[in-house]
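A quick write-up on the structure given underneath.
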Amino acid sequence: MTFQEVEEIFNRSWRFAFSKKKFLLVFASLLACGVLVVFCKTLSFAAGPWVMMSLSFLPVFLCTGVLLGTGVLLSRIYYHEVKGNSIQFRKLLIDSFEVFMGAAYLSLPMALGYLLLWTLMGIFYLLKSLPMIGEGIGILLSFGPFLLVLASLLLGLFSLLVLFYATPHIALKKQVQFYIAEEILDRLKISPFSNIILLLIGLAPVLVCVGFLTLAAYLTGLGYVTAKAVLGVSLQWFFIMIPFSLLLTPFVVFFFNFATESFGLFSRRTRSKERVPGEECASQL
């Protein structure tokens, strides 16, 4: 992998990020994710720390399912755009529906895994609430909640890795199959450094945009959001979320375009050695 190759796929991914159909698709998906986040944030209003922790992490895994299905469709659209093929969006959507749903279901194990961690965290809160001895037990077992929170963060990171590495693999299949995980691991073993660099490059524009938008939302909340009732606060979060999603949309499209380009880059590097799994399926899209 050379600098010129990375520059080429970056520029092409950015150039194809501004498409009306893809823009509307991703904006709708981000709105759905935003509604989930606002809903969970509303439920956590004045809740206890255990419930608040659950409702802080759970939207991540629910949104992963929505974005994974959306990313599969985006990767298929991008494949045809780069090839210069004419795209019948409705036909492509119908043909991709089975893979779309299969990809979305991949987030369920992660959500269930987090619910298990959350349940275990509840046991520590229960022990800590015991009269007389609870405080001492909580101090002695404080490493347990630390490890559970760390596991939750790592699970969130894993969700991000799935979005970048699994999406193009799934998009080139007619159905979601279990050996995709083996293919991804083989790709990471071949060149872990290159794969990490490509992930960071794909994430950089999204993270910068999210950082600025979050800062703007936070400052708006400090200076303008004055509602005290739960309904008023929720509605203000909802209306802030709409332009938030709108401005984030092209960067999310770029992320999935770049993920597809990264997959193609490594496929071209290994094509001379062995046939890349999924190429026959890709040719039929």
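Data table
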| read-out | value |
| --- | --- |
| Cα-based shape type of the range 1-46, given that a ≥ b ≥ c are square roots of the gyration tensor eigenvalues and the cut on a/c is 1.5 | oblate |
| Virtual spin-label span in nm between TYR125 and GLU7, 7 Å along Cα→Cβ | 5.3 |
| Kirkwood Rh in Å, taken over all unlike Cα pairs in the range 56-212 | 18.1 |
| Most mobile listed residue (SER194, SER54, SER86) in the chain, GNM with C-alpha springs under 10 Å | SER86 |
| Spread of Cα-to-Cα distances over 10 Å intervals beginning at zero, given as percent, for the range 3-284 | 6, 25, 31, 22, 11, 4, 1, 0 |
| Cα-based helix-to-principal-axis angle, 180-190 vs the chain, degrees rounded to 10 | 80 |
| GNM result for the chain, Cα springs below 10 Å: residue of VAL51, VAL26, VAL206 fluctuating most strongly | VAL51 |
| Cross-link pairs LYS41/LYS228; LYS20/LYS41; LYS83/LYS189 - those with Cα-Cα distance over 19 Å | LYS20/LYS41; LYS83/LYS189 |
| Packing-based ranking, highest mean first, of 34-46, 124-136 given that Cβ atoms within 10 Å are counted | 34-46, 124-136 |
| Spin-label model distance (nm) - VAL35 vs PHE239, 7 Å beyond Cα toward Cβ | 1.9 |
| Relative contact order [Cα under 8 Å, 6+ residues apart], the chain, whole percent | 31 |
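Here, each number is a calculation from the coordinates, and none is a lab measurement. All of these numbers come straight from a predicted model, not from anything done at the bench. Here Cβ is always computed from backbone atoms with ideal geometry, including for glycine, and neighbour counts include all displayed protein chains.
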